[in-house]
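Read the figures in this text as sums done on the coordinates, not as results from a lab. Bear in mind the structure is a predicted one, so any value in this text is a computation, not a measurement. Cβ coordinates were reconstructed from backbone atoms using ideal geometry, including for glycine residues, and neighbour counts include every protein chain displayed.
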Amino acid sequence: MKKPELTDVGWLGPKDEMDRASHRFGKCSACHEIICVEKAVTDTQSTQAETNELLNKAFRAHAEAKHVPNTPRADAA
């Protein structure tokens, strides 16, 4: 099975003003599930790097839970 990737990544909110966007989302290439995170709150003006990291972390958790065979899951115990 091909390794799942995060595709179709975008911002939820006005395209013309990323500062007003509220969430970052992407789609799993294997199961087409939408992964979405709320925009990060930081002390700096730009939150893009922190929000991207949150989305990537959420996607890695999704991929491990749903697409890695023979991995013990926390809810299986």
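Between VAL68 and GLU38, what is the FRET efficiency for a Förster distance of 25 Å, r being their Cβ-Cβ separation, to the nearest 0.05?
Values: r = 26 Å, r/R0 = 1.03.
With a Förster radius of 25 Å, E is 0.45.
Calculate one ³J(HN,Hα) per residue across segment 26-36 by plugging θ = phi - 60° into the Karplus curve 6.51 cos²θ - 1.76 cosθ + 1.60, and present them in order as whole Hz with x for glycine and proline.
Running phi through 6.51 cos²θ - 1.76 cosθ + 1.60 with θ = phi - 60° gives x, 10, 6, 5, 7, 10, 6, 6, 8, 10, 9 Hz.
LYS39's amide H: which non-local residues (gap 5+, or another chain) put their own amide H closer than 5 Å, with H modeled 1.01 Å from N in plane and none for Pro or chain starts?
Answer set, sorted by chain and number: HIS23, ARG24.
Check ALA30: other-chain or 5+ apart residues with amide H under 5 Å from its amide H, H built from backbone geometry?
For ALA30, whose amide H was placed from the backbone, the distant partners under 5 Å are GLU5.
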